[in-house]
Structures are given as structure tokens and as C-alpha cells.
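Have a look at the structure below before the remarks.
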Amino acid sequence: MNVLVINAGSSSLKFQLLDTNTREVFAKGNCERIGIEGSFVGYTVNGEKKQLDVDMPDHKTAVQHVFEILKAVDKPIEGIGHRLVQGGWYFPESKVVTDETLGWAREVAPLAPLHNYAEADVIEICRDMFPELGNVIVPDTAFHYNMPERAWRYALPRDVVDKYHVRKYGAHGTSHRYIWRTVDEFTNHETHKLVSCHLGSGASLCAIEDGHCMDTTMGLTPLDGLIMGTRCGTVDPATVFYLNRVGGYSIDDIDTMMNKKSGLLAVSGVSSDSRDVRDGAANGDANCQMALDMFNYRASQLIAEMAASMEGMDTMAFTAGIGENSAEIRAAIVDRLGWLGVKIDPELNDVRSDDPRVISTPDSSVKVLVVPTNEELMIALDVEALLG
Ligand code: AMP
């Protein structure tokens, strides 16, 4: 099935057209600076890289440009899959777009206002422009929806939790689900307790037991858990009250500080990109070294936490920008788990490949894998399952 996958942000719209059978990607690209001066579409069609400098005052114009670009592919689009950052309390799984499901996407949007409103608008635009095509909503939270209550419930008053739907929703669920599927197949169904480590500019871990999410490190929002490129991860919630009352920062200031000005960027003082931080550390910058040490320290701590939530772990899988590419960070994290008997082979760890691969030693207590993620394919497979 030829599926168009759309990942809309407040000022961007990423797209990919792929075949779920052959997994061939016919076209992919990104509409950038929507609603801002200097908008353009960077894309690759039939293997050729191009850029289209066009006015995109709104998402509707962006969708029109995407469909115009896709005419060059000469493949019929048979369905559209939409990533939704926050499915809230309505989406234990992906769902076909109807008035009702679209309404749900909007109803839960206050939990992720920067993403959900734009995503819901784009879903509506696609449905109205191409009524003959089926649309599917694939929420990033769905995989985590049925984790045990002891994991998702916050120890806050029940009436507050119920009224405001305050709970752990997690994120990166589509990636973690893809990693589970791939690992399950790759290890010939021998994996039962997997810790999936999605380490990119956003980063989260997921404890997956026989295909079910048992816990994850992101919370009500993707701010919780690991240290990330610009996000602080877990800090004492009282930090917010203190900065507000004593520091005089507004709630919006603190929101921006914790989401956009913290993490590797803040500690290193150099960059949110782990490669720049690595280079800084190699040149003797102590703040860069501390940023990396903290990143690795928190990752190893939380991997053990995820393992504890399953009372064990037989497999770990690294994925996303850092997890797939940084042998140094993988080694530093696993090094801190030596007490659990986890060991990686330095030579295997240095191998570069686009395929899933083992990097642990034969006597390691836990199989350690590197598995390239593919959220677009996972979304397209959901579209096929629901519409195909
Ligand atoms: P993502 O959000 O998954 O695209 O990941 C972005 C992160 O991956 C950034 O911190 C990059 O520094 C990191 N990354 C990407 N490529 C490499 C690489 N070849 N080596 C080390 N880190 C990388």
C-alpha cells in the first residue's frame, strides 16, 4: 500500500510517501517556516534532492504544495497517516479519522498545544481536500496507554487526576513499538523484557515486556525523564515554584527555560547537539564533559529503573540519532551497567550499519542491540492495517 505519512508541527510539515510492502520511500521532505517569512520545501523525489522556495502562509498551502510535489512520483496515494503527538485519554491505539476522533485530537490538545492544534488542522485539511482518501491518526502516546496503573498514576489527589487527566502519557511510542517489533523478529522471539532506548534530541526509555509497555521515562509531557538536547528532564517539581516565587520567572518563562534552554545546551554552554558537545569535551571543555557525564549517568540510572519495572531485562536496544550513531555514548552508558553483567564488544560497537545488530559480548547478561528506528514505516503499517 502506498501511504503518505505526515508529521505536522506548528511551523513545519514533514512528509514521506512509501510503499508498505517493499518499504521503498518514493518521496520525503519538509515544509519549513510555515506562516513565517522565507518559507520553503526541502524534498527528495525519485532520488533527486530539491528545494522549492514558496510562500506558505498556512498549513493548507503547505499540504497543497506537498500534493503538487508528489505528482512527480507517479504512484497513487492510497491512504494518509498522521502523527499525533498527544492522544491523551482517547487513543489506546491508532484510529481512522472521523468527526469523533478528530474532535478527540482537539479536546486533548491543551496537553500539547504546540503540536496537536496544528496536527488536527492538517488532518482536517487533508480530509476535506481529498475526501476519497482514508486518513489515520497515529498518536505517539498510544503504545504507553495501557501501562500498569502503578506506573501511569501520579500520587496526586484523585479528584485532580480525574478532572484534569493528569497522568503519565509518555511519548516516542511509535518508535518504541517499532523497536519492539524489530527486536522480536531479529531475536527470533527470544526477547521478553526489553529496554528500548530512544536517544535523540528528544530522548526516552521504555520498558517493554512481551510487547506491552510496562513503564516509560517521559510523563504528562515529553519534558520528563532523561536529559535531552534542550530539555532538562526530571527535576524536583518544586523548582518551578521556587523559580517563580523567588526568581521572579513567570510560568511561561520557566516553560521555555525547561523545554528550550536546558539539557545538553545549558550544561555545556555550547550546543544542544551531542556532536558539538563531544567535540568540546575532546578539546578539554569541562562543561561539555560534565554535560556528557550527566547524560550518560541519567541514562544508565533510568535503564536500571526500567529494568526494575519488569523485574529484569534480557535485551536493550539503542536507537535514534545518538543511540544509532554514537558508539562513545553507548559504551559510556553500558559501562555504568557492568554491575548488572552487561558487556559490549568494542569492535562490534564500532560497526556502522543501517541494519539491526548485536553489540554485546556472548557472555553479557543482557543482549545489547543497535536498531535504526523507522517511525514513518510504523505509521504507514498502521494505516495499512486499518484501511488496507
Ligand atoms: P534525532 O533527534 O534522533 O535526529 O537525534 C539528534 C541527535 O543525534 C543529536 O544530538 C546529534 O548530535 C546526534 N547524532 C546524529 N548523528 C550523529 C553521529 N553520526 N554521531 C553522533 N551523534 C549523532
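Treating the beta-carbon of each Lys and Arg as +1 and of each Asp and Glu as -1, no other charges, what is the dipole magnitude of the chain about its Cα centre, to the nearest 20 debye?
So the dipole magnitude of the chain works out to roughly 620 debye.
About the Cα centre of the stretch 107-259, what is the dipole size in debye to 20, counting +1 per Lys and Arg Cβ and -1 per Asp and Glu Cβ, all else neutral?
Taking the Cα centre of the stretch 107-259 as origin, the dipole is about 480 debye.
Compare ASP285, ASP215 by solvent-accessible area with a 1.4 Å probe and give them largest first, with all protein chains kept in place.
Descending accessible area places them as ASP285, ASP215.
Could you please state, rounded to a whole Å, how far the C-alpha centre of the stretch 325-388 is from the C-alpha centre of the stretch 241-260?
So the two Cα centres are separated by 37 Å.
Put one equal scatterer on each alpha carbon of the stretch 53-208, apply the Debye formula with no solvent term, and list log10 I(q)/I(0) at q = 0.17 1/Å to two decimals.
-1.10
For the stretch 1-86, report the accessible area per residue in Å² (1.4 Å probe, heavy atoms, rounded to an integer).
About 48 Å² of surface per residue is accessible.
Over the Cα atoms, compute the radius of gyration (one decimal) and Dmax (the largest Cα-Cα distance, rounded to a whole number) for the stretch 197-299, in Å.
14.9, 48
Counting pairwise Cα distances across the chain, what percent come out greater than 41 angstrom?
I get 12 percent for the Cα pairs in the chain exceeding 41 Å.
Given the options TRP339, GLY87, ASN21, identify the residue whose Cα lies farthest towards the positive end of the charge dipole of the chain (+1 on Cβ of Lys, Arg; -1 on Cβ of Asp, Glu).
TRP339
For the stretch 283-335, taking Cα atoms only, what is the radius of gyration to one decimal and the Dmax to the nearest whole Å?
Taking only Cα atoms of the stretch 283-335, I get Rg and Dmax of 12.6, 41 Å.
If you split all Cα-Cα distances of the stretch 253-387 into 5 Å bins from zero, what percentages do you get per bin, shortest first?
P(r) over the stretch 253-387, rounded to whole percents: 2, 9, 16, 17, 17, 16, 12, 7, 3, 1, 0.
Looking at TYR242, SER268, THR319, which one has the Cα that reaches farthest to the positive end of the dipole of the stretch 235-376 (charges on Cβ: Lys, Arg +1; Asp, Glu -1)?
Of TYR242, SER268, THR319, it is TYR242.
Which residue, ALA120, CYS31, VAL63, has the largest displacement toward the positive end of the dipole of the stretch 1-125 when charges sit on each Cβ (Lys, Arg +1; Asp, Glu -1)?
Most positive-ward Cα: CYS31.
From the C-alpha gyration tensor of the stretch 132-273, pull out the three semi-axes of the equivalent ellipsoid (sqrt of 5λ each), sorted largest to smallest, in whole Å.
For the stretch 132-273, the ellipsoid semi-axes come out as 30, 20, 15 Å.
Just to be sure I understand the curve: with the Debye formula and one point per C-alpha of the stretch 311-361, what is log10 I(q)/I(0) at q = 0.16, 0.17, 0.21, 0.23 Å⁻¹?
Taking Cα atoms of the stretch 311-361 as identical point scatterers yields -0.43, -0.49, -0.75, -0.89.
Ignoring ligands, DNA and RNA, please state the percent of accessible area on the stretch 1-87 from carbon and sulfur, probe 1.4 Å.
43 percent
Using the heavy atoms of the protein chains alone and a 1.4 angstrom probe, what is the accessible area of the stretch 266-312 per residue in square angstrom?
49 Å²
Picking from VAL160, VAL136, VAL122, which is most flexible by a Gaussian network model of the chain using Cα springs under 10 Å?
Largest GNM mean-square fluctuation: VAL160.
Give me the percent of the accessible area of the stretch 249-330 that comes from carbon and sulfur atoms, probe 1.4 Å, all protein chains in place.
C and S atoms contribute 48 percent here.
Mind telling me which of ASP279, ASP236, ASP53 comes out most flexible in a GNM of the chain, alpha-carbon contacts under 10 Å?
So, out of ASP279, ASP236, ASP53, the one fluctuating most is ASP236.
Give the calculated FRET efficiency between ALA282 and LEU133 to the nearest 0.05, with a Förster radius of 45 Å applied to their Cβ-Cβ distance.
0.35
At q = 0.16, 0.22, 0.31, 0.33 Å⁻¹, what is the log10 ratio I(q)/I(0) for the stretch 250-292, with the Debye formula run over Cα points and no solvent?
After summing over all Cα pairs, the log10 values are -0.40, -0.61, -0.93, -1.01.
If the only charges are +1 at each Lys and Arg Cβ and -1 at each Asp and Glu Cβ, what is the size of the charge dipole of the stretch 15-142 around the Cα centre, to the nearest 20 debye?
Here the stretch 15-142 has a charge dipole of around 320 debye.
Give me the Kirkwood hydrodynamic radius of the stretch 21-112 in Å, from all C-alpha pairs, to one decimal place?
Its Kirkwood hydrodynamic radius stands at 15.4 Å.
Given a Förster distance of 30 angstrom, what is the FRET efficiency for LYS163 paired with ALA385, based on the Cβ-Cβ distance and rounded to 0.05?
Efficiency for this residue pair is about 0.30.
Starting from the Cα-Cα distance between HIS192 and ASP363, subtract it from 0.36 nm times their residue separation and give me the gain in nm to one decimal.
59.7 nm
If you project the alpha carbons of the stretch 1-61 onto the principal axes, what extent comes out on each, in Å, largest first?
That works out to 39, 22, 13 Å along the principal axes.
At a 1.4 Å probe radius, which order do ASP255, ASP159 fall into by accessible area, largest first?
Heavy-atom accessible area, descending, gives ASP159, ASP255.
The values are calculated or read from the model by the stated rules, or taken from the named source; none is laboratory data. Since we're looking at a predicted model, the values are computed, not measured. Cβ: placed from backbone, ideal geometry, glycine included. Neighbour counts: every protein chain shown. In case anyone asks, the SASA skips ligands and DNA or RNA and just uses the protein heavy atoms, side chains included. Shrake-Rupley method; radii C 1.70, N 1.55, O 1.52, S 1.80 Å.
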